[in-house]
1. How high is the FRET efficiency from Ala90 to Met49, r the C-beta distance, R0 22 Å, rounded to 0.05?
2. Would you work out what percent of the accessible area of the chain, with all protein chains in place, is carbon or sulfur (probe 1.4 Å)?
3. Can you find, among Tyr95, Phe14, Ala45, the residue farthest towards the positive end of the dipole of the chain? Put +1 on the C-beta of Lys and Arg, -1 on that of Asp and Glu.
4. 222 nm [θ] for the chain, helices only, -39500 (n - 2.57) per DSSP H run of 4+, per residue, to 500?
5. Relative contact order, percent, of the range 64-129 when contacts are C-alpha pairs under 8 Å separated by at least 6 residues?
6. I'm a student and want to see the number: the projected area of the Cα convex hull of the chain, averaged over all directions, in nm².
7. Over all distinct alpha-carbon pairs, what is the Kirkwood Rh of the range 75-129 in angstrom?
8. Report, in whole Å, the centroid distance computed from the Cα atoms of the range 51-99 and the range 3-30.
Amino acid sequence: MDNGLIHLASPHSFADTQSRLEEIILRKGLTILARIDHSGDAAKAGLKMQPAHLLIFGNPKAGTPVMVAAPTAAIDLPLKALVWQGHQDAVWLSYNSPAWLKERHAIPDALLQNIAGVAAVCEEAVRAT
C-alpha cells in the first residue's frame, strides 16, 4: 500500500457493488455529494474503458474538523470510493487508506476516527452475502 490505496476484491457484480456501496453510505447517515461515471464519460467522448464509477461522500461534522486541523486534507476530502472493473471482469472497490491520509496531511491522532469509517463502509460493500 505504498501509494495509499486499498483495493478490495468484490464477489458481486459491478452494478451490485455500486448499489451496495451507495446503500451503506446512506444507511450510515453520510451524504453522497457526487457520482462520477468515468466509463460513461469516456463513452460520450467516443472512447472505451472498463466500468469505473467514483463516489464522493462524507459528513461535514466529521470532515470539517479534519480540514481545520490539517487544511491540505481538503484535497482528499470528502471521502472517495472507486468501484471499477479490471481484467477478466474482476470487480474492485478502492479507497484511500485513512492512515495514509493521516500521514500525508499530518492529521492529528485524535481526528483519525473522523475518516477511518471509510474502511468499514467499503469492507461491508464487498462482503459476501
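The values are calculated or read from the model by the stated rules, or taken from the named source; none is laboratory data. Small disclaimer: the values here were computed from a predicted structure and weren't measured. All Cβ positions, even for glycine, are placed from backbone atoms using ideal geometry, and neighbour counts span all protein chains on display. For accessibility, only protein heavy atoms count, side chains too; no ligands or nucleic acids. Shrake-Rupley method; radii C 1.70, N 1.55, O 1.52, S 1.80 Å.
1. According to the calculation, E is roughly 0.90.
2. Details: 4260 of 7240 Å².
Here carbon and sulfur together make up 59 percent of the probe-accessible area.
3. Most positive-ward Cα: Ala45.
4. Taken over the chain, the calculation gives -12500 deg cm²/dmol.
5. Computed over the range 64-129, the figure is 32 percent.
6. Values: hull surface 33.5 nm².
Mean shadow area of the hull around the Cα atoms is 8.4 nm².
7. Details: mean 1/r = 0.0799 Å⁻¹.
Over the range 75-129, the inverse of the mean reciprocal pair distance is 12.5 Å.
8. 11
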